[in-house]
Amino acid sequence: MPVATHDNVETPCHRQYFYVGGVYEEDKSTSFGGHIMRDQTYVECLTPVGGLTREYPLIFVHGGGQSGLNWLHTPDGRKGWASFFLDRGYTVYLIDTASRGRSAPALEHKHIQYPTGFVEDQFTAPKHAAKWPQAKLHTQWPGTGQRGDPIFDQFYASVLPSMCSLVMQQQATKAGLVALLERIGCPSILVTHSQGGPGGWLAADACPSLVKAIIAVEPNGPPFSGTHPSEGVRRARMWGLADIPLTFEPPITDPSEFHLVTIPATQEGRSPVILQDDRAGRAVHKLKNLQDIPVLVEVGEASYHAEYDHATVAFLRQAGVACDFVRLEELGIKGNGHMQMLELNNLAIAEVLQEWIEGKLPHSKT
């Protein structure tokens, strides 16, 4: 069965592309010598043909193994989030993070490629392996979500190698986003997904005056711990939201300066929460550069993130960040996995994000 296609599914727009960031270094990988560039970030800028009606641009930051293609349209040919927001008058920026897609890979970085079984179990057909309790609720992926299904094959063909080092990946994503925010020159709204989440926190921390709001769709988490079903519990994100430093007040120079306490899970299917221990008069370190930026963390009903995104929200709130939390099923939007922007009800989810923006930034229309 061929993959369904829909003529003119994407909203007509003006399009340009450019690169930001990147550094030159001596080429030691070949006999040519000279210099090469690494860690540059590819950017597409899409603007509505009918003109802008929204003051703040949207910058979309994809997750691991993905690229800016995630936002254009779905693997079965339906309209994507980029077109949804173009229809509502926004400028939309789509990036390929460093060493991904059209941001050429640095040859010295080690990369990992997700095999089909991993993608099926975690993203497109999780109810079969059922590695977490909510996986059985997954209903929204188009097609079977398994190898050989034409829609899955289209999606998997777009899956790209990712840098193995989260530290290097976050450093490069932060640098690219900061360079893009500075080039745009006015406050923008960051829309991040999964592995793109830390890049959003880091960029906002570096230049808070250029970030109007953050929408974090299932951001990497939870703080201080990795509870990914395929990995088990391990230490991760030693700075809470990221693997590299963020700005705290009172300041800290090393993650060992955090005093942490684990709050047991209060219901089945939820992970424990690791917070700063404020007992005995200990100071809570605040994310001072994020405190004036409204944040939304949003999670799907059937995703592995349903187990632990509440822990990210709890950490943000304790650190002084004004953070809203949406579980889609509580709004009647059910059955979503981790790749929700590609699923059958993707536009209903985009509407939730749009309503949140309008509620937080009521005067954002031009």
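Every number in this text was worked out from the coordinates using simple rules, so none of it is lab data. This structure is a prediction, so every number in the text was calculated from the model and none was measured. With ideal geometry, Cβ positions are generated from the backbone for all residues, glycine too; neighbour counts draw on all protein chains shown.
Between Leu331 and Lys365, residue separation times 0.36 nm minus the direct Cα-Cα distance comes to 9.7 nm.
Helix content alone sets the calculated 222 nm mean residue ellipticity of the chain: runs of n ≥ 4 DSSP H residues at -39500 (n - 2.57) each, divided across all residues, give -6000 deg cm²/dmol. Short to long, the 20 Å bins of the Cα pair-distance histogram for the chain hold 29, 60, 10, 0 percent of all pairs. Separation of the alpha carbons by more than 18 angstrom is noted, of Lys79/Lys127; Lys174/Lys286; Lys79/Lys360; Lys28/Lys110; Lys334/Lys360; Lys174/Lys360, for Lys79/Lys127; Lys174/Lys286; Lys79/Lys360; Lys334/Lys360; Lys174/Lys360. Here the stretch 169-199 and the stretch 251-312 have alpha carbon centers that stand 22 Å from each other.
With 0.36 nm allotted per residue and the present C-alpha distance subtracted, the Gln291-Phe118 stretch has 58.6 nm of extension available. Distance between the pseudo-spin-label points of Cys207 and Glu249 (7 Å out from Cα toward the beta carbon): 2.1 nm.
Classify the stretch 129-195 as rounded, prolate or oblate, taking a ≥ b ≥ c as the square roots of the eigenvalues of its Cα gyration tensor: rounded when a/c is under 1.5, otherwise prolate if a/b is larger than b/c and oblate if not.
Working: a/c = 2.19, a/b = 2.12, b/c = 1.03.
It comes out prolate by the Cα gyration axes.
Here the relative contact order of the stretch 286-359, from alpha carbon pairs under 8 Å that lie six or more residues apart, stands at 34 percent.
If you run the Gaussian network model on the chain, springs between alpha carbon atoms under 10 Å, then out of Ala314, Ala125, Ala203 the most flexible one is Ala314.
Assuming 0.36 nm per residue, please report the length gained on full extension of the stretch Arg282 to Ser256 beyond their Cα-Cα distance.
Length difference between fully extended and current span is 7.9 nm.
Counted by neighbouring Cβ atoms within 10 Å, the residues Leu107, Leu69, Leu241 run from fewest to most as Leu107, Leu69, Leu241.
Order 131-144, 188-201 from most to least packed using the mean count of other Cβ atoms within 10 Å. Spell out each step's value before the answer.
Details: 131-144: 19.4, 188-201: 26.6.
The most tightly packed comes first, giving 188-201, 131-144.
I want to verify a result. In a Gaussian network model of the chain, Cα cutoff 10 Å, which of these has the top mean-square fluctuation: Thr47, Thr30, Thr116? The residue with the greatest mean-square fluctuation here is Thr30. If a spin label sat at a point 7 angstrom from the Cα of Thr53 along the line to its beta carbon, the backbone N atoms of the stretch 330-364 nearer than 20 Å would be those of 347-364.
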